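Reviewing the structure listed below.
The values are calculated or read from the model by the stated rules, or taken from the named source; none is laboratory data. The structure displayed is predicted, hence computed values, not measured ones. Cβ placement follows ideal geometry from the backbone for every residue including glycine, while neighbour counts extend to all protein chains displayed.
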Amino acid sequence: MTKIKFGTDGWRAIIAREFTVDNVARVAEATAVWLLKNSKTPTVVVGHDCRFAGKLFAETVAKVMSAKGVKTLLANGFVSTPMISLGTVDHKADAGIIITASHNPPSYNGFKLKGSYGGPMTPSKVQEIEDSIPEKCSVDIDQFSIEELISKGTVQDH
């Protein structure tokens, strides 16, 4: 198991080394569990920037969130971090997740957490999520497609 250690408002790692679909799913599951612990009917806004495989990673997050019962608003296409912050506030979501490594080199990607207020999630909440990352995600993300989840309405394309 790869130990995932968060930094400022989330996790960043090298794509295909530590930043993999399996590890993103683990972080997404910990985030979903945290959201469900803190809200009866949580909503999350998810998006990605233009880094390599951003769409794949954002869809992985959406699949895990949906499987865990978290209403997911998935950005359609590339978005910036401020757009996820604004979407989180506008949709009165419990959290925002942007798949980006911000200023880090192109070989990196990241999983940044935004609070319901649109700004970086507080360090104590980020730590709670980090502390609950499972060794393996319990969701079989290959059992359904993002298109199926959108047609069912458990993921909304925005």
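The figures follow:
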| quantity | calculated |
| --- | --- |
| Where a residue in segment 115-139 is among the hydroxyl-bearing types (Ser, Thr, Tyr) and its partner, wherever it lies, is assigned to a loop (DSSP other than H, G, I, E, B), with Cβ under 6 Å and at least six apart | SER116/ASP94 |
| Criterion (modelled with pLDDT of 95 or more, under 11 Å from ILE146 (Cα atoms) and of a type in the set (Lys, Arg)) met by exactly one of LYS68, LYS63 | LYS63 |
| Conditions (1) under 18 Å from ILE129 (Cα atoms); (2) without any contact (Cβ under 8 Å) to a residue 12 or more places away in the chain; number of the one not met by PRO82 | (1) |
| Residue in segment 89-96 that is farther than 27 Å from LYS152 by Cα, modelled with pLDDT of 95 or more and of a type outside the set (Phe, Trp, Tyr) present | no |
| Qualifying position, being closer than 15 Å to LEU35 by Cβ and either in contact with an Asp or Glu (Cβ under 6 Å, 6 or more places away or on another chain) or part of a helix (DSSP H, G or I) (or both), among ILE133, ILE129 | ILE129 |
| Every residue from segment 11-27 that is among the hydrophobic types (A, V, I, L, M, F, W, C) and assigned to a loop (DSSP other than H, G, I, E, B) | ALA16 |
| Conditions (1) under 23 Å from TYR117 (Cβ atoms); (2) more than 10 Å from the chain's Cα centre (by Cα); (3) in a helix (DSSP H, G or I): number failed by LEU56 | (1) |
| Residue check for ASP157: modelled with pLDDT of 95 or more, out of contact with any Asp or Glu (no Cβ under 9 Å at 6 or more places or on another chain) and farther than 17 Å from LYS37 by Cα | no |
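A quick yes/no check of all residues on (1) farther than 20 Å from LEU36 by Cβ; (2) buried (at least 17 other Cβ atoms within 10 Å of the Cβ):
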{"position": "ASP90", "(1), (2)": "yes, no"}
{"position": "GLY96", "(1), (2)": "no, yes"}
{"position": "ILE99", "(1), (2)": "yes, yes"}
{"position": "PRO120", "(1), (2)": "yes, yes"}
{"position": "SER138", "(1), (2)": "no, no"}
{"position": "ASP142", "(1), (2)": "yes, no"}
